[in-house]
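> Shown below is the structure under consideration.
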Amino acid sequence: MKNQFYATFYIAGFTYWNGLEAIESIRVGTKLLLEAEPTNGFDPNAVKIMYDNIMLGYIPREENEEISKFLQLGHNNLFHVFINRINLEAHPEKQISVVVRIIDKNTAVKDN
């Protein structure tokens with residue numbers, strides 16, 4: 001079985017954080033990392049979207065609760081996250097679309 005589709009969304013806060021610092025280096029297919037931010041004063045389920053130590057923004061609030069719980073429980077390697085669409089002509093909050101897939105450990109390459 002292949003990795004399973006979980007969610008797709010636009011990066012929230014892309015223009016408010018450091019997304020523009022990475023705009024020249026990210027492409028469709030660029031792998032991203034997720035980091036739970038349980039101490040966030042606005043949303044205890046906040047999940048940062050990171051690229052090469054640059055914070056691009058957040059998973060939108062309506063999409064973050066389950067992913068945040070998994071990350072807070074230490075399941076950082078459960079997800080394959082990547083950019084699937086870039087439209088620099090769109091509104092800044094709709095420029096970068098991300099896909100999250102759940103990694104199927106049964107078919108993942110195992111280190112010996």
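> In the range 7-18, how many are crowded, with 18+ Cβ neighbours inside 10 Å and part of a strand (DSSP E or B)?
Counting residues in the range 7-18 that are crowded, with 18+ Cβ neighbours inside 10 Å and part of a strand (DSSP E or B) gives 2.
Yes/no per residue for (1) hydrophobic (A, V, I, L, M, F, W, C); (2) over 24 Å from Glu21 (Cβ atoms):
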{"site": "Asn45", "(1), (2)": "no, yes"}
{"site": "Ile49", "(1), (2)": "yes, no"}
{"site": "Asn53", "(1), (2)": "no, no"}
{"site": "Arg61", "(1), (2)": "no, no"}
{"site": "Ala90", "(1), (2)": "yes, no"}
{"site": "Ile96", "(1), (2)": "yes, no"}
{"site": "Ile103", "(1), (2)": "yes, yes"}
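> Among the residues of the range 25-59 satisfying the criterion of being of a type in the set (Gly, Ala, Ser) and at negative phi, which is modelled with the lowest pLDDT?
Ser25
> Only one residue in Asn76, Asn40 is surrounded by fewer than 18 Cβ atoms within 10 Å (Cβ to Cβ), over 13 Å from the mean Cα position of the chain (by Cα) and part of a loop (DSSP other than H, G, I, E, B), so which one is that?
Result of the check over Asn76, Asn40: Asn40.
> Moving to a separate point now. Within the range 32-57, work out how many residues are in contact with a helix residue (DSSP H, G or I) (Cβ under 7 Å, 6 or more places away or on another chain) and within 14 Å of Gly13 (Cα to Cα).
6
> On to the next question. So, of the residues in the range 59-73 that are of a type outside the set (Val, Ile, Thr) and assigned to a loop (DSSP other than H, G, I, E, B), which turns out to be surrounded by the most Cβ atoms within 10 Å (Cβ to Cβ)?
Pro60
> Scan the range 82-95 and give yes if some residue there is touching a helix residue (DSSP H, G or I) at 6+ places or on another chain (Cβ under 8 Å) and either exposed (fewer than 14 other Cβ atoms within 10 Å of the Cβ) or without any contact (Cβ under 8 Å) to a residue 40 or more places away in the chain (or both), otherwise no.
For the range 82-95, residues touching a helix residue (DSSP H, G or I) at 6+ places or on another chain (Cβ under 8 Å) and either exposed (fewer than 14 other Cβ atoms within 10 Å of the Cβ) or without any contact (Cβ under 8 Å) to a residue 40 or more places away in the chain (or both): present.
> How do the pairs read when you match residues in the range 9-24 that are on the phi > 0 side of the Ramachandran plot with residues anywhere that are hydroxyl-bearing (Ser, Thr, Tyr) and surrounded by 14 or more Cβ atoms within 10 Å (Cβ to Cβ), using Cβ under 6 Å and keeping only pairs 6 or more apart or on different chains?
Gly13/Tyr58
The values are calculated or read from the model by the stated rules, or taken from the named source; none is laboratory data. Predicted model, so just to flag it, every value in this text is computed and none were measured. Note that each Cβ is placed from the backbone with ideal geometry, even for glycine, and that neighbours are counted across all protein chains shown.
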